[in-house]
Amino acid sequence: MIVRIVSFVLSFFLLIVQNLVFSQTASLNGQLSGWLTGNREKSLVSQAGLRYIPEVSIKKIINKKLPVDAEISFNIFTAGNFHNWNNPDIEGRLKVYRLWARFSGNKFEARLGLQEINFGSAILFRPLMWFDRVDPRDPLHLTDGVYGLLLRYFFQNNVNIWLWGLYDNNLKGWETIPTEDNGLELGGRLQIPISSGEAGICYHHRRTDFSHSPGLAELSSTELVEENRFAFDCKLDIKIGLWFEGTIIQRNTNIPFMKYQQMWTAGMDYTFNIGNGLNILTEFFNLKKSAKIFDEGEGFQFTGLMVNYPVGLIDRVSGIYYFDWKKHNNYLWINWQRTYDNWILYLIGFSNPKTIQLNRTQTGNNVFSGNGFQIMIAFNH
């Protein structure tokens with residue numbers, strides 16, 4: 001089904017190109033990156049990789065009022081894990097990264113295809129990470145997109161409405177249970193300005209397939225389970241930045257601990273007048289699962305701290321620290337970044353538990369598990 005979706009969107013994209021490409025603005029951009037990761041528990045060089053993301057963007061103005069633009073990009077990479085140098089695990093892949101077309105006006109936007117959809121105010125722990133898997137520790141902030149249609153309308157008082165429909169997507173965000181095959185997901189968001197900030201409410205519905213989760217399939221009375229998500233978030237910019245983000249997930253299942261899942265984050269940040277400006281951000285995150293909506297249930301809590309300091313015009317130092325209140329584990333990530341025009345160098349050090357409790361869904365692997373380092377170079381054109 002994904003192949004048919006790609007074919008449909010690609011055909012749609014090519015029609016736009018065919019009709020517009022000779023009379024509009026077109027550009028080719030891209031990012032080439034390479035990295036080496038070392039881990040004290042595994043190997044001096046435990047992973048090495050190379051990635052290239054070429055991007056073609058096209059834009060045209062119709063009747064001076066209706067801009068039309070489209071984008072196609074690919075994620076081309078190869079990576080090797082060298083835990084055993086006699087038998088390294090090397091893989092390579094080429095996949096569509098973005099493929100969308102958009103019609104927009106002064107007050108509306110309609111975007112169709114493989115795209116990134118995200119919203120909310122939280123940085124380190126994001127209960128509203130519904131459709132992306134951006135890891136705050138990833139310098140490149142890469143994430144797969146979702147297939148769907150996004151509609152947005154902007155009112156004159158800065159109120160805006162989002163409506164979306166997604167179709168036949170893989171696991172995304174915090175999901176551990178996939179959507180049913182060929183499944184349609186629907187939802188929306190209302191975002192309104194408030195005093196010194198903004199607030200939003202969200203809803204999303206999908207039908208999950210428990211048959212792909214062996215442990216749950218044995219307990220569930222039905223394979224297909226309806227899921228509803230409700231969320232609220234707000235952000236205030238006063239002398240300090242304050243935000244809150246919360247999600248409640250309800251499922252129509254007979255499994256008690258899967259009926260309700262709650263996540264919420266409260267955070268704040270402030271830039272101190274020290275040197276070139278020291279920014280400190282902190283968040284507290286709570287997740288629990290329960291049979292009733294406001295029961296205590298089982299879960300975990302994390303506190304996070306992020307520090308950013310520009311050393312000069314080309315250098316920046318940042319760090320992220322997590323504390324797991326349940327297992328009393330510490331997570332530490334430190335990054336030094338230097339920028340030369342199109343080139344960016346990252347030197348990263350990390351010290352984490354061998355088994356990562358948080359960000360497993362965001363990274364998709366355990367590159368930052370244990371104690372080690374990473375060297376990354378990125379070239380943007």
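Just so it is clear, none of the values below were taken in a lab; they were calculated from the coordinates. From a predicted model like this one, the values you see are computed outputs, not experimental measurements. Using ideal geometry, Cβ is built from the backbone for each residue, glycine included, and neighbour counts are taken over all protein chains shown.
Only lysines eight or more places from K289 in sequence, or on another chain, were considered; those with a Cα closer than 29 Å are K172, K235, K259, K326, K327, K354.
Among (1) 181; (2) 204; (3) 169, which one is volume of the Cα convex hull per residue in Å³ computed from these coordinates? Correct label is (3).
Could you size up the charge dipole of the chain around its Cα centre, putting +1 on the beta carbon of Lys and Arg and -1 on that of Asp and Glu, and report it in debye to the nearest 20? Each step should come with its number before you reach the end.
Values: 36 positive and 34 negative charges, 118 e Å.
Using Cβ point charges on Lys, Arg, Asp and Glu, the chain gives about 560 debye.
Taking E298, E226, E245 in turn, the Gaussian network model of the chain (Cα-Cα springs below 10 Å) assigns the largest fluctuation to E298. Rounded to 0.05, the FRET efficiency of the K292 and F154 pair, given R0 = 51 Å and the Cβ-Cβ distance, is 0.85.
Highest GNM mean-square fluctuation among H328, H205, H83, for the chain modelled with Cα contacts below 10 Å: H328.
Once both labels are positioned 7 Å from their Cα atoms along Cα-to-Cβ, the gap between L347 and F373 label points is 0.7 nm.
Applying a DSSP loop filter and a limit of 14 other Cβ atoms within 10 Å to the chymotrypsin sites (Phe, Trp or Tyr not before Pro) in the range 65-108 leaves W85.
Which part of the range 28-64 falls in the paramagnetic zone of L140, meaning amide N under 20 Å from the point 7 Å along Cα-to-beta-carbon? Counting only backbone N, you get 28-39, 45-57.
For A110 and E41, the FRET efficiency from 1/(1 + (r/R0)^6), where r spans their Cβ atoms and R0 equals 51 Å, is about 0.55. The length gained by stretching the chain between K354 and R93 to full extension, at 0.36 nm per residue less their Cα-Cα distance, is 91.3 nm. Protection proxy ranking of 162-169, 128-135, 25-32, by the mean of other Cβ atoms within 10 Å over each peptide's residues and highest first, is 128-135, 162-169, 25-32.
A simple spin-label model places the labels of F323 and T222 4.5 nm from each other, with each point 7 Å out along Cα-to-Cβ.
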